[in-house]
Amino acid sequence: MKFLPLIFANLFRKKLRTTLTIGSFAVALFLFGLLVVVRGAFNQGVDIAGADRLIVINKVSLIMPLPFSYRDRFLRIPGVKNVTYDTWFGGIYQEVSNFFPQFAIDPENQPLVFPELAVPADQWKTFVADRTGAIAGAGTAKRFGWKVGDRIPIKSTIFGNDTWEFNLDGIYKGTHEGDDETQFWFHDKFLDERRTFSKGTVGWYTVKLDSPDSAIAVAKAVDSMTANSPDETKTETEKAFALGFAKQMGNIELLILAIGSVVFFTLLLVTGNTMAISVRERIGELATLKAVGFADRFVLLMILGESLLIAIFGAVIGLGLCKLFTLRGDPTGGFLPYFHLSGATVLFGFVVAILVGLLAGILPASSAMRLRVVDALRRV
Amino acid sequence: MVKVDGSGGANSLIQARDLDKTFTRGGEVIDVLQGLNLDVAPGEFVAFMGPSGSGKSTLLNLLGGLDVPTRGSITVAGDEITHMSGGRLTDWRARHVGFIFQMYNLIPVLTAFQNVELPLLLTKLSKAERRSHVEATLAIVGLADRMRHYPRQLSGGQEQRVAIARAIVADPTFLLCDEPTGDLDRKSADEILDLLTRLSVEYNKTILMVTHDPAAAEHAKAVLHLNKGVLVEGMAPGAH
């Protein structure tokens, strides 16, 4: 501790240079945090996917419907515990930018297949009995200031151009971190009554399994059952489905890895250069310290300490700003509902910053350590 | 007592025997010191004079453990330093040697107080003890009222006094001064030399000083002349 004033004094001898280097770290760590947040947002479905659920979609495309009659057939397959279904509504609430996902659901089985999305019992009871009722996720309700009892008008874009009005009967909350709280549910029967085409169909099925171990067998059985029919199916685990969905956006992982690598490598060069200049311009002082009795190892640790402090200050600022940014919630208006910087990411960011700080400081520090006092004093 | 013929006794604080120092530059071998002997008793104030390149600073570097001789031995207060490892030599320097340089070599980002405190950071003294040592030492050099000043806020003479305070604060066995007045005007130089004389007379400090300045050498109790790597005893200041 008694050496800290010496390290701090050296660190801030060139305030502008140190500030700019810390700023570079801060920008890099902010970007790193943001990239991880975006990656997390894209992979949200993957992370929270139930291991005991299968998604059954039309083999041609997700947008092609499946017959409602499949449900009973799927239920007869060994290993299937329950089956529910959803249909994408794709409506607009007030403005296009107010995006949130709306699904026509099967009220009877939805809570059994997705128990993690919890609705208070009395609200669910009201919803089941209300043909034009709806349930909104807590995130969406908060976003638009909705409360139970509100009338929600949503303009249809797929099933005609008129506005559908729903009674907000309840608000669901996720029971796990990362659960999607942006959805809007209403009765499948209401959709089926009002639409003029594709009656008797659903968007996709979600099959709840007795055990995750039966996933492969059940998926094969479902697809075999529908083979050579007009509506063949493609069945995969919920995780694989979510992963495939995320990959439609491109290889986010690779993109993030590439950007992150370039940013940190540049940071390594910038900081390494700063530390090298810092050492070079005070060779006489380092020699004096050694002459006074400071060991070579102390000089090494002092320079590394300076480099590490730059990294830590930068990380605190960068990750702190990123955290503040994410606290404001999804900046895309609903496309990235899970926009959250986790503690693990912050910790990982710190570890990366410290590693970069150490790597950037190691060469200048070791050259300072090897400095011969006599040679250095001759240069002063 | 200062001897250069190797006849010094066991009561010598500093004892150099058959000291050779050779440098190789561009394939050419340069003998800087040749078979040099030196004995310095405790409390002596010795001035080394000689032309540029005569080996004065090299001798100081060897005696201060900053460099190692090509041949010969150096013993200080019973410690043979010639064969010490780098780490041990660093520890030894911290305990036994106070350096005073021509260009002061203060750390510009530290205050006078912090500069003087530096050697004490290597000891086990508490913060309060360090503070009292530093304050007392700065009072000795007449800078008690300049403790919070940075080197850039001090005159050259004041900077050198801070450097002297840094050199003596840990109470080293001896002081090595390399042209301590070389960068100062006459008045400031005299003040520094008076201070060194006081340290020698009042505090019985052993001081070895390299200088070109005959007026500076006059403050020493003994003056040695170094020429072509050989020490000559008793030459009067200004004789070269």
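Data for the structure
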| item | result |
| --- | --- |
| Helices (runs of 4 or more DSSP H) (entirely within the stretch A:7-76) containing at least 2 residues that are closer than 30 Å to A:Val356 by Cα | A:15-42, A:44-48 |
| Qualifying residues in the stretch B:80-112 (those that are among the polar types (S, T, N, Q) and assigned to a loop (DSSP other than H, G, I, E, B)) - the one farthest from the other protein chains (Cβ to nearest Cβ) | B:Thr82 |
| A:Ala51, sole failed condition from (1) more than 14 Å from chain B (Cβ to nearest Cβ); (2) touching a Ser or Thr at 6+ places or on another chain (Cβ under 9 Å); (3) surrounded by 15 or more Cβ atoms within 10 Å (Cβ to Cβ) | (3) |
| Residue in the stretch A:229-248 that is exposed (fewer than 13 other Cβ atoms within 10 Å of the Cβ) and more than 31 Å from the chain's Cα centre (by Cα) present | yes |
| Residue that is surrounded by the fewest Cβ atoms within 10 Å (Cβ to Cβ) [pool: residues in the stretch A:68-101 that are in contact (Cβ under 8 Å) with a residue 60 or more places away in the chain and on the phi > 0 side of the Ramachandran plot] | A:Gly90 |
| Single unsatisfied condition, A:Ala344 versus (1) within 13 Å of the chain's Cα centre (by Cα); (2) assigned to a helix (DSSP H, G or I); (3) in contact (Cβ under 8 Å) with a residue 60 or more places away in the chain | (3) |
| Hits in the stretch A:286-326 (condition: of a type in the set (S, T, N, Q) and either surrounded by fewer than 23 Cβ atoms within 10 Å (Cβ to Cβ) or over 30 Å from B:Leu122 (Cβ atoms) (or both)) | A:Thr326 |
| Residues satisfying the stated conditions in the stretch A:112-133, i.e. under 16 Å from A:Asp180 (Cβ atoms) and buried (at least 18 other Cβ atoms within 10 Å of the Cβ) | A:Val113, A:Phe114, A:Leu117, A:Val119 |
| Residue in the stretch A:169-188 that is in a helix (DSSP H, G or I) and either without any contact (Cβ under 8 Å) to a residue 24 or more places away in the chain or surrounded by fewer than 20 Cβ atoms within 10 Å (Cβ to Cβ) (or both) present | no |
| Qualifying residue in the stretch A:338-349 (condition: at pLDDT below 95 and under 24 Å from B:Gly98 (Cβ atoms)) | no |
| Hey, A:Leu358 more than 14 Å from every other protein chain (Cβ to nearest Cβ), touching a Leu at 6+ places or on another chain (Cβ under 7 Å) and surrounded by fewer than 16 Cβ atoms within 10 Å (Cβ to Cβ) or not | yes |
| Some residue of the stretch A:146-169 being under 24 Å from the mean Cα position of the chain (by Cα), among the small types (Gly, Ala, Ser) and in the same structural domain as A:Asp188 (by TED's automatic domain parsing) | no |
| Residue count for the stretch B:53-79, restricted to those that are within 13 Å of another protein chain (Cβ to nearest Cβ) and on the phi < 0 side of the Ramachandran plot | 12 |
| Number of the condition not met by A:Leu304 [criteria: (1) part of a loop (DSSP other than H, G, I, E, B); (2) modelled with pLDDT of 90 or more] | (1) |
| Long-range neighbours under 7 Å by Cβ, at least six apart or interchain, first residue in contact (Cβ under 8 Å) with a residue 60 or more places away in the chain within the stretch B:48-65, second assigned to a loop (DSSP other than H, G, I, E, B) and hydroxyl-bearing (Ser, Thr, Tyr) | B:Met49/B:Thr211 |
| Lone unmet requirement of (1) within 13 Å of another protein chain (Cβ to nearest Cβ); (2) surrounded by fewer than 21 Cβ atoms within 10 Å (Cβ to Cβ); (3) under 17 Å from A:Thr288 (Cβ atoms) for B:Arg131 | (3) |
| Residue among B:Val40, B:Val46, B:Val141 that alone is buried (at least 22 other Cβ atoms within 10 Å of the Cβ), away from chain A (no Cβ under 14 Å), in contact with a helix residue (DSSP H, G or I) (Cβ under 6 Å, 6 or more places away or on another chain) and under 23 Å from B:Thr197 (Cα atoms) | B:Val141 |
| Residue list for the stretch A:280-301, restricted to those being among the charged types (D, E, K, R) and more than 10 Å from every other protein chain (Cβ to nearest Cβ) | A:Arg280, A:Glu281 |
| Residue tally, condition of a type in the set (A, V, I, L, M, F, W, C) and part of a loop (DSSP other than H, G, I, E, B), over the stretch A:88-123 | 6 |
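The values are calculated or read from the model by the stated rules, or taken from the named source; none is laboratory data. Computed from a prediction, not measured in an experiment: that's the story for all the values here. Every residue, glycine as well, gets a Cβ built from its backbone with ideal geometry; the counts of neighbours run over all protein chains shown.
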